[in-house]
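Take a look at the structure below.
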Amino acid sequence: MSILGVSTPSDTVMEAVKQGGQIYVEMAEFIEKSGEIIAKTLGSEAAAIVNSASSGIALSIAALVTKGNRRMSERLHQESNPLNEIIMLKGHNVQYGAPVETMIYLGGGRLVEAGYANEGRSEHIEDAITNNTAGILYIQSHHSVQKNMLTLEEAWEIAKRNRIPFIVDAAAEEDIHKYIHYSDLVIYSGSKALEGPTSGIVAGKRKYIDWLRVQFSGIGRSMKIGKENCFGLLQALEEYMLKKNTNELEIDRLHSLLPLNEINGIKVSIVEDESGRKIYRARINIDPNITKFTAEDITSKLREGNIAIYTRDYGAKQGFFEIDPRPLKEDDIKIIKKKLLQILGGV
């Protein structure tokens, strides 16, 4: 969703943005108090608002590399520090709009990949640990390789056993409480599942959050968040905690696409998110030998016209794309179905 602006905040969230933008606050104190509110909501020792989940990665790495030392933080890329190795599974070194490794190096870390693109075991991480290991980074995301990779819980146990700080990037995750219990620092996007303005949250152990705050006078200065987005994020978080589970409604909405199965060469099914999240989508498989269109052809055609329809097309080269019901409103699903019928010759 990032290419489309991530999410659509509610009217009340945007009103909070407006109110925040039209008043003055003492920013250092406001950021501190905001962190206290978020920490209490999440159940963590401490938290800090940042301008995005990406900056949350870089700032978290910088915190572990510098251990909150102010001079080292201010001269992060000018003075060498051997205690800067960040271990990450090779299957987690993904491109999400920027490479994860870029954020690691921005934070002064040096990436040490563990395992292989199709295999990540406990011993791969264990064997990568040295006296220069500053932390372990785990990417909890559908972008990461899911097959044959050790679980978050297994990686957390390794980190605890070796007394190494453990960072979890859970940017788009909907369960905002779970990862607090399996990390020293966890990173969330404020504009994905929370549906707030552009923002991010880093939560976790107080010591590491204190180290992270020091980075605000270093690389974090270029990543600062405005007061208006802080207000909006706090409102979005409050609303998120009251949000009802809409899975059944979303699945019902997707069922309206199942009649497309009557078209030769088309197979529509409802699938669960590959990373295990309770998110359901309609997966549309295309047989180009019958339809004379590839999945890539159809996703391209869906984006054309007065109403542009963007699909989840990570699997387009494998012959399928997906429709995510979460951002849809009112009769959007009917518009999508009608456009697909036009393209596929079903009408």
> Is it true that some residue in the range 298-319 is surrounded by 16 or more Cβ atoms within 10 Å (Cβ to Cβ), free of Cβ contacts under 8 Å to residues at least 40 places away in the same chain and among the polar types (S, T, N, Q)?
Replying inline: yes
>> Let me spell it out: the conditions are (1) in contact (Cβ under 8 Å) with a residue 40 or more places away in the chain; (2) part of a helix (DSSP H, G or I); (3) of a type in the set (Ser, Thr, Tyr); (4) surrounded by fewer than 17 Cβ atoms within 10 Å (Cβ to Cβ), and SER222 meets all of them except one. Which number is the exception?
In response: (1)
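Per-residue answers, yes or no, for (1) of a type in the set (Gly, Ala, Ser); (2) touching a Phe, Trp or Tyr at 6+ places or on another chain (Cβ under 8 Å); (3) on the phi < 0 side of the Ramachandran plot; (4) free of Cβ contacts under 8 Å to residues at least 24 places away in the same chain:
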site	(1), (2), (3), (4)
ILE136	no, yes, yes, no
GLN140	no, yes, yes, no
GLU154	no, no, yes, no
ALA159	yes, yes, yes, no
HIS177	no, no, yes, no
SER189	yes, no, yes, no
GLN215	no, no, yes, no
CYS230	no, yes, yes, no
> Got at least one residue in the range 152-164 being in contact with a strand residue (DSSP E or B) (Cβ under 8 Å, 6 or more places away or on another chain), open to solvent by less than 20 Å² (accessible area, probe 1.4 Å) and in a strand (DSSP E or B)?
Replying inline: no
>> I'm trying to understand the selection: among the residues of the range 233-279, which are part of a helix (DSSP H, G or I), at pLDDT 85 or above and over 19 Å from ASP331 (Cβ atoms)?
In response: LEU233, LEU234, GLN235, ALA236, LEU237, GLU238, GLU239, TYR240, MET241, ASN261, GLU262
>> Anything in the range 15-49 that is open to solvent by less than 70 Å² (accessible area, probe 1.4 Å) and farther than 20 Å from MET223 by Cα? List them, or say none.
In response: ALA16, ALA39, THR41, LEU42, GLY43, SER44
> On the given criteria, is ILE290 hydrophobic (A, V, I, L, M, F, W, C), in a loop (DSSP other than H, G, I, E, B), without any contact (Cβ under 8 Å) to a residue 60 or more places away in the chain and open to solvent by 20 Å² or more (accessible area, probe 1.4 Å)?
Replying inline: no
> Given (1) out of contact with any Ser or Thr (no Cβ under 6 Å at 6 or more places or on another chain); (2) in contact (Cβ under 8 Å) with a residue 40 or more places away in the chain; (3) not charged (D, E, K, R), where does ALA171 come up short, assuming only one miss?
Replying inline: (1)
> Between a first residue in the range 84-98 that is within 18 Å of GLY115 (Cα to Cα) and a second residue that is modelled with pLDDT of 95 or more and polar (S, T, N, Q), which pairs have beta carbons less than 6 Å apart while being 6 or more apart in sequence or on different chains?
Replying inline: GLU85/ASN132; GLU85/THR133
> Scanning the range 191-219 for residues that are among the small types (Gly, Ala, Ser) and more than 21 Å from the chain's Cα centre (by Cα), which turns out surrounded by the fewest Cβ atoms within 10 Å (Cβ to Cβ)?
Replying inline: SER217
>> Could you tell me how many of the residues in the range 165-190 are open to solvent by 10 Å² or more (accessible area, probe 1.4 Å), modelled with pLDDT of 95 or more and among the small types (Gly, Ala, Ser)?
In response: 0
>> Being out of contact with any Cys (no Cβ under 8 Å at 6 or more places or on another chain), crowded, with 24+ Cβ neighbours inside 10 Å and not small (Gly, Ala, Ser) is true for just one of LEU106, LEU111, LEU137. Which residue is that?
In response: LEU137
> If you check SER7, SER55, which single one turns out to be among the hydroxyl-bearing types (Ser, Thr, Tyr) and touching a helix residue (DSSP H, G or I) at 6+ places or on another chain (Cβ under 8 Å)?
Replying inline: SER55
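The values are calculated or read from the model by the stated rules, or taken from the named source; none is laboratory data. What you are looking at is a predicted structure, and each value in this text was computed from that prediction instead of being measured. We place every Cβ from the backbone using ideal geometry, glycine too, and count neighbours over all the protein chains shown. Note: areas computed on protein heavy atoms with side chains; ligands, DNA, RNA excluded. Shrake-Rupley method; radii C 1.70, N 1.55, O 1.52, S 1.80 Å.
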